[in-house]
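Student: My questions will all concern the structure given below.
Just so it is clear, none of the values below were taken in a lab; they were calculated from the coordinates. Please read these numbers as outputs of a predicted model, since none were measured by experiment. Note that we place each Cβ from the backbone using ideal geometry, even for glycine, and neighbour counts take in every protein chain shown.
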Amino acid sequence: MFNEEMETLSIGEKENLQLKRLQQTAKLVYENVPFYKNKFNTNHVEPKDIKSLGDIQKLPFTVKKDLRDNYPFGLFAKPVGETKRIHASSGTSGKPTVVGFTGNDLGVWQEIVARAIAACGGEPGGILHNAYGYGLFTGGLGIHYGSEKLGMVTVPISGGNTDRQITLIEDFRPTVITATPSYVLNIIEQMEKMGKNPRETSLKYGIFGAETWSEEMRKTLETRLGIKAMDIYGLSEVMGPGIAIECKEAQDGLHIADDHFLVEVIDPDTLEPVREGEEGELVFTSLTKEALPIIRYRTGDIASISKDPCSCGRTSIRMSRVKGRIDDMLIIRGVNVFPSEIESALLEVPELVPHYQLVIKNNGAMDQVTLKVEINDQFYQSINENMEHEHIRFLSEKICKKLKNSCLVTIDAEFAAPGKIHRSEGKAIRIVRETEVSLSH
Ligand code: DLL
């Protein structure tokens, strides 16, 4: 069904396999992608120079801009007619980044997602409710085919239409739900509004990712939905969901599918590797991809890796939860803060619900940031729906102190009444320019 053997290879066997595949990949791109041939030549490296895994450092990095500059198919190693499917990510500006898959690539992707779902408790014959968006985004279809490969009955509900999601969860009785963590929170709240108890559904496991979320958010979702929640990581440029997955046994770091992807962690400023366990930017090289093999792709995601064995028995390298994207790091009076750190602090304040946005007023060397966060219903009633109430001021002081203690920054907090902060149906938007604040009135 899925390749358990690969998940428990000894380190030596794994490294032999990785080296062989790395050499093949280097040859594939050198011979078929002019962009890489030029870059290899500039670095004075040829595929035959890759004699050990450490030699990967001789190879050039790839960044998102390289995909954009070669839009749409310029980095493909196969004629587009020989591929089977195309996905794309919209990005914030300019052209989307386009990625392609051969039949073999799709097979590998299915397998790693099937492995991932199995690691989280999914079983053949069980029902999986897939609320990741279908379409060019890799979340929906990526999970879909992996789930089918595992033998799960797959409900392709996609994101949105929350009331219908709730009806189908009640009627079909799935055991696994897959969605962004922010959208799951949205579903939970809607259930509660409808007078239902989210803990009473048939759901047992959640597989959440595609956006940064904190350990505290995990606890919140697990408690409110009565499930075990696991983190799934991936990105379209490297493949899609399933590059790494937490196991339900340990819930402690994400197992990287390192038979298919080689990971490095670098200092984003010096581009030098950091020591094992230290945080840095994740960099991935695909080892088996055919349509769009990718060399040393700088993800922009901050995490660390560990080679320590996991209690579940898998031997793969594990990565930590992603702390955030380098682009999303705020520098507030000289202190670096990620939205996920602010989220962790907010979740400890009982008057709040974790719907928040960080509004950047001035994006120069120093960010001026205002936190917009929603208060919960109970608190809203206790202040008679009066947002000028003096308890709001007390709450503001309390949050300021909390953020000062836990994140070492001073951030002004503004409050929104329940339901007033934009709800996501996919990836939540946590950082907004002042002109883009999405408070609905
Ligand atoms: O988000 C693929 C995916 C779909 C992953 C469904 C997991 C579940 P992209 O749209 O290309 O692909 O966005 C990739 O999303 O570089 C990270 O910044 C972020 N991201 C993905 N998974 C996680 C996660 C999909 N578990 C970008 N934790 C990545 C934190 C994540 N950030």
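Student: Dipole magnitude of region 1-326 about its Cα centre, charges +1 at Lys/Arg Cβ and -1 at Asp/Glu Cβ only, in debye to the nearest 20? Mind showing how you got there, number by number?
Tutor: Values: 39 positive and 44 negative charges, 134 e Å.
That gives region 1-326 a dipole magnitude of about 640 debye.
Student: Angle, helix 103-119 long axis vs. longest principal axis of the chain, Cα atoms, 0 to 90°, nearest 10?
Tutor: 50 degrees
Student: To the nearest 0.05, what FRET efficiency results for Gln57 and Val432 with a Förster distance of 45 Å applied to their C-beta separation?
Tutor: E between Gln57 and Val432, to the nearest 0.05, is 0.75.
Student: Gaussian network model of the chain, Cα springs within a sub-10 Å range: biggest mean-square fluctuation belongs to which of Asn197, Asn384, Asn161?
Tutor: Among Asn197, Asn384, Asn161, the largest GNM mean-square fluctuation belongs to Asn384.
Student: How would you order 128-140, 183-195 from highest to lowest mean count of nearby Cβ atoms within 10 Å?
Tutor: Top of the packing list down: 128-140, 183-195.
Student: Sticking with this structure for a sec: Which whole number in µm²/s is D for region 1-88 by Stokes-Einstein, with the Kirkwood Rh taken over Cα pairs at 20 °C and 1.002 mPa s? Write out the running numbers ahead of the final one.
Tutor: On the way: Rh = 15.0 Å.
Taking Rh from Cα pairs, D becomes 143 µm²/s.
Student: Still on this structure, I have one more. Quick one: give the max-minus-min coordinate of the C-alpha atoms of region 85-214 along each principal axis, largest first, in Å.
Tutor: 45, 37, 26
Student: With no solvent and one point per C-alpha, what does the Debye sum give as log10 I(q)/I(0) for region 329-436 at q = 0.16, 0.18, 0.21, 0.23 Å⁻¹?
Tutor: The calculated log intensity ratios at q = 0.16, 0.18, 0.21, 0.23 Å⁻¹ are -0.70, -0.88, -1.17, -1.36.
Student: Report the percentage of all Cα-Cα pairs in region 143-253 whose separation exceeds 18 Å, rounded to a whole percent. Don't skip to the end; give the middle numbers.
Tutor: Working: 2964 of 6105 pairs.
Here the tail beyond 18 Å accounts for 49 percent of pairs.
Student: Dipole of region 1-326 (Lys/Arg Cβ +1, Asp/Glu Cβ -1, origin at the Cα centre): which of Ser236, Gln23, Leu75 lies farthest to the positive side?
Tutor: Of the candidates, Leu75 comes out farthest on the positive side.
Student: Please give the direction-averaged projected area of the C-alpha convex hull for the chain, in square nanometres with one decimal.
Tutor: Orientation-averaged projected area of the Cα hull: 21.3 nm².
Student: On to the next question. Remind me, what semi-axes does region 154-201 give for its equivalent ellipsoid, largest first in whole Å, using sqrt of 5 times each Cα gyration tensor eigenvalue?
Tutor: For region 154-201, the semi-axes come out at 15, 13, 10 Å.
Student: Exactly which chymotrypsin sites (Phe, Trp or Tyr not before Pro) in region 12-51 are in a DSSP loop and have at most 16 other Cβ atoms within 10 Å?
Tutor: Answer in residue order: no site qualifies.
Student: Something else about it: Report, in deg cm²/dmol and to the nearest 500, the calculated mean residue ellipticity at 222 nm for the chain, where each DSSP H run with n ≥ 4 adds -39500 (n - 2.57) and the sum is divided by the residue count.
Tutor: -9500 deg cm²/dmol
Student: Pairs of alpha-carbon atoms within less than 8 angstrom and 6+ residues apart define the contacts here; what relative contact order does the chain have, in percent?
Tutor: Reported as a whole number, the value is 14 percent.
Student: Any idea what angle helix 215-225 forms with the longest principal axis of the chain, computed on alpha-carbon atoms, 0 to 90 degrees, nearest 10?
Tutor: 70 degrees
Student: A further question on this structure: Given N residues in region 67-117, what is Rg(Cα) / (2.2 N^0.38 Å)?
Tutor: 1.29
Student: While we're on this one: Please compute the modelled spin-label separation between Lys84 and Glu388, points set 7 Å along Cα→Cβ, answer in nm with one decimal.
Tutor: My value for the distance between the label points is 6.4 nm.
Student: With just the Cα atoms defining each centre, how far is region 142-186 from region 205-255? Give it in Å.
Tutor: Cα centroid of region 142-186 versus Cα centroid of region 205-255: 15 Å apart.
Student: While we're on this one: Please compute the Cα-Cα pair-distance distribution of region 127-169 with 10 Å bins starting at 0, giving whole percents from short to long.
Tutor: Going out from 0 Å in 10 Å bins, region 127-169 shows 33, 52, 15 percent.
Student: Right, something else. Given that compact globular proteins tend to follow 2.2 N^0.38 Å, what is the ratio of the alpha-carbon Rg of region 181-239 to that value? Each step should come with its number before you reach the end.
Tutor: Working: Rg = 12.4 Å, N = 59, 2.2 N^0.38 = 10.4 Å.
It is 1.20.
Student: Assigning unit charges at the beta carbon (Lys, Arg +1; Asp, Glu -1) and nothing else, what dipole magnitude in debye, to the nearest 20, does region 329-436 show about its Cα centre?
Tutor: Taking the Cα centre of region 329-436 as origin, the dipole is about 340 debye.
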